[in-house]
Amino acid sequence: SFRSLEAQFEQRTESEMLVEPEVARGAFFYQAPDKVRWEYYEPTPKIILVDGDQMTTWYQDLGKAETLRVGRHSDRVLKYLGASGSLETLMEYFTLRVRWPEAGSEGAPFRLTLSPLYERIAKRLKVIHVDVDSRRFIPVRLHYVEPSGDETDYLFKGVETNTELDPALFELDLPPGVVVTKRNQP
């Protein structure tokens with residue numbers, strides 16, 4: 001039941017298409033009920049902003065941005081990730097297994113393993129592992145495995161909840177000259 005969340009993150013992606021794993025770093029911000037900002041600092045600066053049913057991705061080094069109406073899909077994504085809704089809602093889409101920390105491992109996270117129940121989800125996602133801080137009950141690691149075997153791992157550090165986030169974090173003031181492409185919009 002948090003209103004906001006902010007953290008630094010490290011994203012590690014492993015794929016058959018990559019010679020070696022790709023590592024990116026940045027900051028993540030969430031403001032209830034439907035605002036998200038992923039800001040990548042390195043290796044390539046990029047901002048992904050979700051505000052309600054609108055997602056904008058700004059590729060700063062390329063001088064390009066894309067906007068996309070995500071509509072009800074953003075609600076589903078936030079529900080899948082547990083950022084909104086309840087455990088019952090999450091279990092409508094996934095089977096859930098829980099691995100508790102071993103006895104004596106004070107403060108170790110517990111792990112939720114989510115496997116999709118529906119083929120339309122399973123086409124894009126094989127499994128999600130979510131490590132949850134056992135003291136504060138907030139996610140500290142997300143690990144996605146795709147059907148192809150590609151894996152993406154997010155480690156969150158310095159996680160703060162229910163802080164007052166600057167509303168400007170969820171606005172993008174694109175500089176002149178940025179080429180904006182609108183996807184699936186009238």
message: Quick check: net charge around G107, other residues with Cβ under 11 Å of its Cβ, Lys/Arg +1 and Asp/Glu -1?
response: 0
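How much length would be gained if the chain were fully extended between L18 and Y93, taking 0.36 nm per residue of separation minus their Cα-Cα distance, in nm to one decimal?
Contour length minus Cα-Cα distance gives 23.9 nm.
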- prompt: Hey, in the GNM for the chain with a 10 angstrom Cα cutoff, which one of W100, W58, W38 fluctuates hardest?
  reply: W100
- prompt: Which value, in debye to the nearest 20, gives the size of the charge dipole of the range 108-149 about its Cα centre, when Lys and Arg are +1 and Asp and Glu are -1 at the Cβ?
  reply: 60
query: Excluding ligands and nucleic acids, what accessible area in Å² is computed for L68 using a 1.4 Å probe, to the nearest 10?
result: 50
Calculated diffusion of the chain, Stokes-Einstein form, Kirkwood radius summed over Cα pairs, 20 °C and 1.002 mPa s, µm²/s: 120
- request: At a 1.4 Å probe radius, which order do V179, V36 fall into by accessible area, largest first?
  value: V179, V36
- prompt: Roughly speaking, what is the stretch gain from L172 to I121, that is 0.36 nm per residue apart minus the C-alpha to C-alpha distance, in nm to one decimal?
  reply: 15.3 nm
message: As I understand it, the value is the acute angle between the Cα axis of helix 71-80 and the longest principal axis of the Cα atoms of the chain; what does it come to in degrees, rounded to 10?
response: 30
- prompt: What does the charge dipole of the chain about its Cα centre add up to, to the nearest 20 debye, if the Cβ of each Lys and Arg holds +1 and the Cβ of each Asp and Glu holds -1?
  reply: 580
field: Per residue solvent-accessible surface (Å²) - the chain, probe of 1.4 Å
entry: 62
message: Can you tally the net charge around V23? Count Lys and Arg as +1, Asp and Glu as -1, for every other residue whose Cβ sits under 9 Å from the Cβ of V23.
response: -1
- request: Starting from the Cα gyration tensor of the range 5-47, multiply each eigenvalue by 5, take the square root, and state the resulting semi-axes largest first in whole Å.
  value: 24, 11, 8
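The values are calculated or read from the model by the stated rules, or taken from the named source; none is laboratory data. Predicted, not measured: the structure shown is a model, and the values here were computed from it. Every residue, glycine among them, receives a Cβ derived from its backbone with ideal geometry; neighbour counts consider all protein chains shown. SASA here: full protein model, heavy atoms, side chains in, ligands and nucleic acids out. Shrake-Rupley method; radii C 1.70, N 1.55, O 1.52, S 1.80 Å.
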